[in-house]
Amino acid sequence: MTSFTLADLERIVSERSQADPGTSWTAKLVAAGMPKAAKKLGEEAVETVIAATSQSRGELVGETADLLYHLMVVLRIADIPLGEVMGELEGRTVQSGLTEKASRTAE
């Protein structure tokens, strides 16, 4: 088990987003803006789904790491701290997912 956390990843993404885009993939993505970063996040999401349904455990682990990284970049560009997302998740734990879904209006 590793001691590396999503908070560590958030910090690294924040630091690297300030680097020279010529030397940092993170800085390059941030400089390209939300459309590019969101597109990359979507690509990684699709690759994660494919890995989950048809590939090895190692592929799923790798694609999930890519997905989480690109999600952190998107959150950085949107200026949404991880703590805000975690607070939302925490708030959702007060009731079951089925109860929460049933309380929504029809979409």
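If you scan the range 13-42, which residues turn out to be closer than 17 Å to LEU68 by Cα, of a type outside the set (S, T, N, Q) and in contact (Cβ under 8 Å) with a residue 12 or more places away in the chain?
Residues satisfying the conditions are VAL13, LEU29, VAL30, MET34, ALA37, ALA38, LYS40, LEU41.
Quick grid of which residues meet (1) surrounded by fewer than 13 Cβ atoms within 10 Å (Cβ to Cβ); (2) of a type outside the set (Phe, Trp, Tyr); (3) out of contact with any Phe, Trp or Tyr (no Cβ under 8 Å at 6 or more places or on another chain); (4) more than 18 Å from LEU6 (Cβ to Cβ):
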residue	(1), (2), (3), (4)
MET34	no, yes, yes, yes
ALA37	no, yes, yes, no
LEU41	no, yes, yes, no
GLU63	no, yes, yes, no
TYR69	no, no, yes, no
GLY83	yes, yes, yes, no
LEU89	yes, yes, yes, no
LEU98	yes, yes, yes, yes
THR105	yes, yes, yes, yes
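Of (1) free of Cβ contacts under 8 Å to residues at least 12 places away in the same chain; (2) farther than 21 Å from PHE4 by Cβ; (3) touching a helix residue (DSSP H, G or I) at 6+ places or on another chain (Cβ under 7 Å), GLU59 satisfies all except one. Which?
GLU59 satisfies every listed condition except (2).
When residues of the range 20-52 are filtered for being more than 19 Å from ALA78 (Cβ to Cβ) and touching a Leu at 6+ places or on another chain (Cβ under 9 Å), how many remain?
The number of residues fulfilling the criteria is 4.
No lab work stands behind these numbers, since they all come straight from the coordinates. Predicted model only: the values in this text are computed from it and were never measured. Note that we place each Cβ from the backbone using ideal geometry, even for glycine, and neighbour counts take in every protein chain shown.
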